[in-house]
Amino acid sequence: MTRSRRTLRFSSLQDVMPDVQHLLAGHRTVGRWSFAQICNHLAASITWSVEGFPDRPAPWLVRITVGNLVWQLMRRTGRIAERVRIPEKYLPMSAGNALQEVQALHAAIQHFTLTTGPFAPHPIVGRLNSEQWQRFHCIHCAHHLSFAVPFEEVAKKEVNQRKAHR
């Protein structure tokens, strides 16, 4: 795990936006993506679960083997492995305004929350119901938002590191 990441867990999608709003006040990202890119990717993923993904699901055999294994591991651990390679079409846009991307994420969460189904199948995991999609999105949001660290946490860690080196 990237050393400076936060440990996050969300019980519902309603818990995501307070964290995101807090990050708007000031943060540092410790991964490869900017905060705007993180929010863009999360908003797209949530929207796709309602409206459909940009490509067809993986073959049935992949979904019931690899996809099932990935989903079971995510559910059991509440985590996504770091540095998982994803197809380019699922990568966030290269640029973006953080405030606009936060608003898009909020709108995507609201859209998901108001949707009763049916939901689009995940390209690898396959069909998920509303509760399963909520769990997936909570884990996915926690994974990506853990790379954005509020300034006060950054400062606290730096003070603790200086004390440890004395």
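Throughout, read-outs are computed from the coordinates displayed, never taken from laboratory work. Small disclaimer: the values here were computed from a predicted structure and weren't measured. Note: ideal-geometry Cβ built from the backbone for every residue, glycine included; neighbour counts use all protein chains shown.
Note on the range 13-165: with charges restricted to the Cβ of Lys and Arg (+1) and Asp and Glu (-1), its dipole about the Cα centre is near 580 debye. Under 5 Å between amide hydrogens, built in the peptide plane, is the criterion, and for HIS27 it picks out PHE151 among residues at least 5 positions away or on other chains.
Run the paramagnetic zone check for VAL84: 7 angstrom along Cα to Cβ, then residues of the range 106-136 with backbone nitrogen under 19 Å. Label zone hits: 120-136. Computed from phi, the 3J(HN,Hα) profile of the range 51-67 under the Karplus parametrisation 6.51, -1.76, 1.60 (θ = phi - 60°) reads 9, x, 7, x, 9, 6, x, 4, x, 3, 4, 5, 5, 7, 9, 4, x Hz, with x in place of Gly and Pro.
Estimated from helical segments only, the mean residue ellipticity of the chain at 222 nm is -16500 deg cm²/dmol, where each DSSP H run of four or more residues counts as -39500 (n - 2.57). To test your reading of the geometry: what angle, between 0 and 90 degrees and rounded to tens, separates the Cα axis of helix 68-77 from the longest principal axis of the chain? Between helix and principal axis, roughly 40 degrees.
Across the range 102-119, rounded Karplus estimates of 3J(HN,Hα) from the backbone phi angles (6.51 cos²θ - 1.76 cosθ + 1.60, θ = phi - 60°) give 5, 5, 5, 5, 4, 5, 5, 5, 4, 4, 4, 4, 7, 8, 9, x, x, 9 Hz, Gly and Pro being marked x.
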